[in-house]
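Read the structure below first, then the notes.
Bear in mind these aren't lab numbers, they're just calculated from the coordinates by the rules spelled out. Treat the numbers as computed from the prediction; the structure is a model and nothing was measured. Cβ atoms come from the backbone with ideal geometry, glycine included; neighbour counts cover every protein chain shown.
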There are 2 protein chains.
Amino acid sequence: MTIERRSAPHGRSRRPTIKDVAEAAGVSRSTVSRALTGRGYAASDVRERVLRAADELGYVPDIMARTLKQQVSRSVGVLVSDLRNPFYAELAAGASREARERGYTMVLADTSLSAEAESEAAEALVALRVAGVIVTPNSSAVSTYLSSHGIPVVEVDRQFAAGSTDGVVVGNRVGARTATGHLVGLGHRRIALFIDETDWITGYERYQGYLEALSGGDIKVDPELVVSSGWDVADSRRRALDMLRGPDRPTAVFAANNVLAEGVWRAIGELGLKVPADISLVAFDDAPWMSMVSPTVSAVSQDTFNLGATAVRRLDARIAMPEADSVTTVLNVGLVQRESTAPPPTI
Amino acid sequence: MTIERRSAPHGRSRRPTIKDVAEAAGVSRSTVSRALTGRGYAASDVRERVLRAADELGYVPDIMARTLKQQVSRSVGVLVSDLRNPFYAELAAGASREARERGYTMVLADTSLSAEAESEAAEALVALRVAGVIVTPNSSAVSTYLSSHGIPVVEVDRQFAAGSTDGVVVGNRVGARTATGHLVGLGHRRIALFIDETDWITGYERYQGYLEALSGGDIKVDPELVVSSGWDVADSRRRALDMLRGPDRPTAVFAANNVLAEGVWRAIGELGLKVPADISLVAFDDAPWMSMVSPTVSAVSQDTFNLGATAVRRLDARIAMPEADSVTTVLNVGLVQRESTAPPPTI
DNA sequence: GACCCGTGTGGGAACGATGTCACATCCCCT
DNA sequence: AGGGGATGTGACATCGTTCCCACACGGGTC
């Protein structure tokens, strides 16, 4: 980078345009454009002169003008639910890196789980003429809206428009089955499930995985043990306190995401229960704290950074071939066994 | 939001422009522009007709064209070091919320602590004609470069260009003094400092705070106890292992950020040391895991979300008054006392 | 009745970059 | 010598929006 060498456009405020470069180099605007973009002819000495002039003036092409002319920008929109959740933060980090590598700039909005914010953001992205959008959707509205405007969409983590838009998800069903199956294998028969939603495909799949593992162990499902908790730590903590204080409490809990796991963890601690002696815990989505607390928490680990990166790659491919069939990529997950699981307490 | 009601521009691909709206409403482009933006005259019945036509066509004004014409966009750039660090993620979340509320879209890049990525991103932001930039800088280059292009900059968390650009930081010196002073008050005399850099102003201030607290307790500084660790967990863990295994180890550690604290925490655990009986620990920057581990970790808490939000407010004010004197906002911090500190072990 | 003002509206020139097209060389081949 | 390809360059229209200006109309004042 040559940032240091560049000086302000001799003290004045107006930014240099391609016209200024053209005058400085003694050629026409067209020639400057060709020399800088590399599209079309430009004699090497002329190119040289143009490049030097541009560098001296600190010329940076105006993306607005370029996009207006070309009708397609090199930026992608990224819509995530909550940056404070390490899952989304890491997703965004992965998207950011991959976007940079592919020459996209990233327009990011935290939609705060609000449908209104999501709609607003979508509209802003249309207005910005982004080349494509990556979204962790809260409804099918965003994808529909963006698609109707001809903007490619990749749904990440969960899918509402499978079949009509691309998606990148993880093996939710198999992950949930593995986690629950691990508990079953240890001898647990009363296994609680904490989950946010079962209507969205991700929650549904995790729920199904849970059910499959139970039926694989010939265990009847107890609806009392399936908690459709809210989306925040406080709520799942409260629900967990209720359940664990009640009679006939479960001997193990499978928490379907890192936020719910945190609530359950806190509840367990407050009640003075010992993990894993009194109760086992497995989470879906490995958050940093799970390997720091004592005992450490077993979790189904998803490569979240890669999830974001893969989504950008998919989007890039889609932008290149808008008419190709939609594809859903499923990333592998793996159970990380730590210290939070053991056979149920003998009575 | 009326997203659902809108249909694609009758199956065709071209996006509706202001001209299409004008034709549909039977008026001129100028009139449509006035009706939609609210700048200039427009009879109420005409305005009505225009709004309806725009809604029916699903018209969204082209920001590129608007920005090109107006020479100023409603988007801000946000450059953070590492989204996977909860500190930066929360900062970005705060910035995102405030940006949205003020009608800005946010262009975000994770600069991965790389000067090259930072320069590239800065150049992209100039090209995008952003209204301003918020950055957690790694050098003075970004601020200088952006300023030379007439783009307002707000430096957050650390400052390289104090006096010439705005800044939003926290009370680093007082926070470090409080934390260290707390340890001194408990009777500790061998207090180690883990810090990333002392050249940048933030590290320098925290270092000074540490020194002040020591001299306030009439404690001579032992250079052996000041570790200029790298920026990642692995490195600080290694450095901590070395120190804690050595002879005459400290009775307390002050870790100057959440990453270093994590490394130290892991090292302490691996060595089987008991917190706080064998060693006390205080961190600067309260990360989520600190209230989840056992024992919980005392920390100087900064309102990181607010740090991001404040930066956007400052930037907004700066954009409104580009010539005003530069100001640096210092946010308060507070020591959150948890379980990781106690008097030193009696020998 | 001439003038002017207030209220609306449309025409057209920007904004900065791109890319098509026409044209201007030069050199080589027949 | 003249045609024609290869190589380079410049003029100009264009992208979608804004906004300055001109103008039209009606009604009031002198």
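At 7 Å along Cα-to-Cβ for each site, give me the label-to-label distance between residue A:71 and residue B:140 in nm.
Once both label points are built, they end up 4.8 nm from each other.
Cα to Cα, under 27 Å, and not fewer than 8 places away if on the same chain: which lysines meet these conditions relative to residue B:220?
Candidates past the 8-residue exclusion: B:274.
What are the residues whose amide H is under 5 Å from the amide H of residue A:133, where those residues sit 5 or more places off or on another chain and H is modelled from the backbone?
A:77, A:153, A:154
On a 0 to 90° scale, report how tilted helix A:304-320 is relative to the longest principal axis of chain A, with both axes built from alpha carbons and the result rounded to the nearest 10.
50
Can you tell me the FRET efficiency between residue A:321 and residue A:162 if r is taken as the Cβ-Cβ distance and R0 is 22 Å, rounded to the nearest 0.05? Please report the intermediate quantities before stating the final value.
Details: r = 19 Å, r/R0 = 0.86.
The computed FRET efficiency comes out at 0.70.
I want to verify a result. In a Gaussian network model of chain B, Cα cutoff 10 Å, which of these has the top mean-square fluctuation: B:43, B:255, B:161?
Comparing B:43, B:255, B:161 in the GNM, the peak value goes to B:43.
If you line up the long axis of helix A:233-245 against the longest principal axis of chain A, both from Cα atoms, how many degrees apart are they, to the nearest 10?
10
Restricting to chain B, what percent of DSSP beta bridges are antiparallel, rounded to 5?
Working: 4 of 39 bridges.
Bridges in chain B that DSSP calls antiparallel: roughly 10 percent.
Evaluate the charge dipole of segment A:121-233 about its Cα centre and quote only its size in Debye, nearest 20, assuming +1 on the Cβ of each Lys and Arg and -1 on the Cβ of each Asp and Glu.
Details: 8 positive and 13 negative charges, 52 e Å.
Rounded to the nearest 20 debye, it is 260 debye.
Under a point-charge model restricted to the Cβ atoms of Lys and Arg (+1) and Asp and Glu (-1), what is the dipole moment magnitude of segment B:122-181 relative to its Cα centre, in debye to the nearest 20? Before the final figure, lay out each step's value.
Working: 4 positive and 4 negative charges, 37 e Å.
So the magnitude is around 180 debye.
Along Cα→Cβ, 7 Å out, is where each label goes; now give me the distance between the ones at residue B:29 and residue A:115 in nm to one decimal.
3.7
Connecting C-alpha atoms closer than 10 Å in a GNM of chain A, tell me which of A:176, A:42, A:267 has the biggest fluctuation.
Greatest mean-square fluctuation among the candidates belongs to A:42.
Pick out, from B:21, B:275, A:108, the residue whose Cα sits farthest towards the positive end of the charge dipole of the protein assembly as shown, with +1 on the Cβ of Lys and Arg and -1 on the Cβ of Asp and Glu.
About the Cα centre, the residue reaching furthest to the positive side is B:21.
So for the pair residue A:55, residue B:296, with labels modelled 7 Å out along Cα→Cβ, what separation do we get in nm?
5.7
Using just the helices of chain B, give the 222 nm mean residue ellipticity in deg cm²/dmol: DSSP H runs with n ≥ 4 each add -39,500 (n - 2.57), and the total is spread over all residues, rounded to 500.
Numbers: 12 runs with 149 residues, N = 347.
-13500 deg cm²/dmol, from helical runs alone.
What residue among A:169, A:46, A:184 has the largest mean-square fluctuation in a Gaussian network model of chain A, using Cα springs under 10 Å?
In this elastic network of chain A, the residue with the biggest mean-square fluctuation among A:169, A:46, A:184 is A:46.
List the lysines whose Cα sits under 19 Å from the Cα of residue A:19, skipping any in the same chain fewer than 8 residues away.
Excluding near neighbours in sequence, the set is A:69, B:69.
Report the extension gain between residue A:101 and residue A:331 in nm, rounded to one decimal, defined as 0.36 nm multiplied by the number of residues separating them, less their alpha carbon distance. Could the numbers behind the result be given before it?
Details: separation 230, 0.36 × 230 = 82.80 nm, distance 2.11 nm.
Between residue A:101 and residue A:331, full extension yields an extra 80.7 nm.
Relative to the longest principal axis of the C-alpha atoms of chain B, give the angle of the C-alpha long axis of helix B:44-57, reported between 0 and 90° and rounded to the nearest 10°.
70
Could you tell me which residue out of A:145, B:78, B:67 lies farthest along the dipole of the protein assembly as shown toward its positive end? Charges go on the beta carbon: Lys and Arg +1, Asp and Glu -1, centred on the Cα centre.
The residue sitting farthest along the positive end of the dipole is B:67.
About the Cα centre, and with charges only on the beta carbon of Lys, Arg (+1) and Asp, Glu (-1), how big is the dipole of the protein assembly as shown? Nearest 20 debye, please. Numbers along the way, then the final one.
Numbers: 76 positive and 84 negative charges, 362 e Å.
With Lys and Arg at +1 and Asp and Glu at -1, about 1740 debye.
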